[in-house]
Every structure is written in structure tokens, then in C-alpha cells.
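What follows is a set of notes on a single structure, which appears directly below.
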Amino acid sequence: MSIADNIHRIQQELTGTSAKLVAVTKTHPVELLQEAYDAGSRIFGENRVQEMAAKQPELPADVEWHLIGHLQTNKVKYIAPFVHTIQSLDSLKLLQEVEKQAARYQREIRGLLQFHIAKEETKTGLSLAEAEEILQSAEFRAMRHVRLAGVMGIATNTSDEHQLRREFRELRGYFDKLKSLYFAEDDAFREVSMGMSSDYRLALQEGSTLIRVGSAIFGAR
Ligand SMILES: *Cc1c(COP(=O)(O)O)cnc(C)c1O
């Protein structure tokens, strides 16, 4: 199967849903990203700042670049001129830096709040209480250049379907709660980013709106 075949097959699975495909392009050369673009992909996910900043000028300008990996505050400046969505917002301090850099470039940057849903300790992310603390802060409420568009989570690396469903439901529940409490009037807050190559079908059943798929498109890394 070619990259184009894989993308078309996944896009077919998304017809009838409002979910979108984020093609996770980390580690792959720009030639393969161009192949994905030519097959219709417009949303690319990278997990490292330097790699994304190096690839961005080589691809057409209408690509939506999503950062999906952990972001250090001192690196926001490298992607601020072009990044569409930062899916890995996990602290007020990071949000403040994104606000500052986005203002500097007079643009709006979208962001998702990343939640900790996996059993593994290593996977980072917020708890519901921490997210609410951010949303209630005066600092957040004054921000005009960061636009929160939803939530993101990385499930446990397991083939246990029940476990995966439980985690996806947990994230969907966080989204529903935050939506009703803080974003009821805000149409931009609508994304639940969950599901990767091995579990995106389950994630879609549990209400994912953005699936992040790498190896099922490009092969093993
Ligand atoms: C690498 C990565 C993916 C894609 O993983 P695949 O198993 O290759 O589909 C999705 N989300 C995040 C956060 C990643 O780092």
C-alpha cells in the first residue's frame, strides 16, 4: 500500500463523521510529506520543534501544522510564526509564552489542553483540577492571541480495548465538562484529539474529532 492509498482508506473511514485526520509526519523526510499533501492531507503533526520548523518552509503554505509533542517555553518562538495548533498545552506558563509570541507576530495560535489519561506515569498532561485552575486564572482570561480549541490525550500503549475505551471516555468527559462550564458560547472549542494508528477506530467510536495517525500511513518508524 502506498502513502496515498493509506490516506484515502483512512479518509474513507472518516466520511460521515466530523472527525479529521492529522497525518503524523515526525521522522519522515519532506518528500513523503509532499506525497501525503498530494494525496489530500492538509494537517500535519510533528512532535519536535526543530524538525517542524525545518520542514514547514518546504511544504505548501496551506498546511496546518500541529505540534503534538511536549513543548518547552523557550522553544515557542521557533514555531510561533506559522504553527496552527499546539496540541500539547500543559501549563499556564506555557500558555503565557504562546500568548506573548503569538502577539509578537500579530496572529492567533490555537491550542488544545493536554490531559493525562494513560496509566503510564511518563505520559504528561493536566488533571481536570489543574485545567480548571488555568481556565479560571486572570492571566488566561486576559489572553487574546491563544484560542483554546479543545483537549488532547495520549492513551496507554495497550491492546486492552476496555482500558482504551475507558481512557477515551475519560478525555471525552473532560471535554464535555469544560465545554459546558467555560466554552458553551465558543464554537471554536470543539476538538477532542485522541486515537493513533493502533486505536483510532475505537477513539472515533468514543467521540474523537482529530485522529493522529503516523505508522498506518507512512509505515513503521
Ligand atoms: C507519534 C505520535 C502519534 C502517532 O503514532 P502512530 O502510532 O505512528 O500512529 C500520535 N500522537 C502522538 C502524540 C505521537 O507522538
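The values are calculated or read from the model by the stated rules, or taken from the named source; none is laboratory data. These numbers were taken from a predicted model, which means no experiment stands behind them. Note: ideal-geometry Cβ built from the backbone for every residue, glycine included; neighbour counts use all protein chains shown. Quick note on the areas: whole protein, heavy atoms, side chains included, nothing else; ligands and nucleic acids left out. Shrake-Rupley method; radii C 1.70, N 1.55, O 1.52, S 1.80 Å.
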With R₀ set to 25 angstrom, the calculated FRET efficiency between the beta-carbons of E121 and K179, to the nearest 0.05, is 0.35
Give the lysines reachable from K93 as a straight Cα distance under 21 Å; neighbours fewer than 8 places away on the same chain don't count. K75, K77, K123
Quote the FRET efficiency, to the nearest 0.05, computed for R107 versus S18 with a Förster distance R0 of 35 Å and r equal to the Cβ-Cβ distance. 0.85
Averaged per residue, the 1.4 Å probe accessible area of the stretch 3-218, protein heavy atoms only, in Å², is roughly 46 Å²
May I ask you to derive the relative contact order of the stretch 3-218, considering only C-alpha pairs under 8 Å and at least 6 residues apart, and to give it as an integer percent? 19 percent
Could you work out the pair-distance distribution P(r) of the stretch 1-148 from its alpha-carbon pairs, with 10 angstrom bin width and percents rounded to whole numbers? 11, 37, 33, 17, 2, 0
Excluding ligands, DNA and RNA, the carbon-plus-sulfur percentage of the accessible area of the stretch 86-221 with a 1.4 Å probe reads 45 percent
Options I3, L204, T25, ranked by Cα towards positive dipole end of the stretch 3-218, top entry (Cβ charges): T25
In debye to the nearest 20, the charge dipole size for the chain, taken about the Cα centre with +1 at each Lys and Arg Cβ and -1 at each Asp and Glu Cβ, equals 300 debye
Zone of R42's modelled label, taken as backbone nitrogen in the stretch 57-81 under 17 Å from a point 7 Å along Cα→Cβ: 59-66
